[in-house]
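Engineer: Just dropping this structure here.
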Amino acid sequence: MTATNPSLSTPWRLGVFAILAIVMVATRANLIHLGTHIGSLPDASWAVFFIAGFYLRGSVRWAFPALMALAVGVDYAVISGQGLSFWSHYCVSPAYWFLVPSYAALWFGGAWLRQRYDGLHARELGLLLVSAVAAASVCYLVSNGSYYWLSNHWQAAAGVTASFGGWMKNLGDWYLPFIGLTLVYVAIAAVLHVLATRALGAMAGHGTAGEQRR
């Protein structure tokens, strides 16, 4: 991987996929507990799909379905582990399957960024912010809208009927928490990317200098 070409070899791709998969399992299944007053580390799935789109853009045919299957598998394990029926759970309504286009929006947001990535510059920081906010917003719109309009569980629990005004309020109530959390995880990944890029650049520079001295 170079500063201007973030393409990865197969071993690097598999390594990145493994790291992202571990992060998603650990956070989606609430395996990392931060203490009584804080709770578990929040789900990083949205950020995982965005970051995967950036690093694994050329592997969408296998990486995206694999991450989707992993997400569903984690949900199944968590729900079943509580002694509940997966298919009867309130989260698994017809809207549940809209996670596919929701997560796809995140993936292609990351892929869009990678296509325009040209090194560690201020321009790339701006593109990162725009693409992450836009992709997360589309994901939120699809996932929130599908659950609001297609799931009967929350309507029965709240004793209300779905309406456009109610949906707008629901969108506004949860938009910033979901987008903000995604941006925090993406920011952490961006910092790690900068550090890794500089470290690899320094290693390459030392290697070139060594060859020239021979």
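Laboratory data are not the source of any read-out in this text; all were calculated from the coordinates shown. Note that the structure is predicted; figures quoted are calculated from it, not measured. Cβ coordinates were reconstructed from backbone atoms using ideal geometry, including for glycine residues, and neighbour counts include every protein chain displayed.
Engineer: Taking the chain on its own, what percent of its Cα-Cα pair distances exceed 26 Å?
Structural biologist: 42 percent
Engineer: For the chain, what is the calculated [θ] at 222 nm in deg cm²/dmol (nearest 500), taking -39500 (n - 2.57) for each run of four or more DSSP H residues and dividing by its residue count?
Structural biologist: That comes out to -25500 deg cm²/dmol.
Engineer: Here's a follow-up. List the pair-distance distribution P(r) of the range 116-193, using every Cα-Cα distance, as the percent of pairs falling in each 10 Å bin from 0 up to the bin containing the longest distance, rounded to whole percents.
Structural biologist: Using 10 Å bins, I get a P(r) of 16, 39, 24, 15, 7, 0 for the range 116-193.
Engineer: Output the relative contact order of the chain, whole-number percent, from Cα pairs under 8 angstrom with separation of 6+ residues.
Structural biologist: Over the chain, the number comes to 23 percent.
Engineer: Here's a follow-up. What do you get for chymotrypsin sites (Phe, Trp or Tyr not before Pro) in the range 1-104 restricted to DSSP loop and a cutoff of at most 16 other Cβ within 10 Å of the site's Cβ?
Structural biologist: Filter output for the range 1-104: 86, 87, 90.
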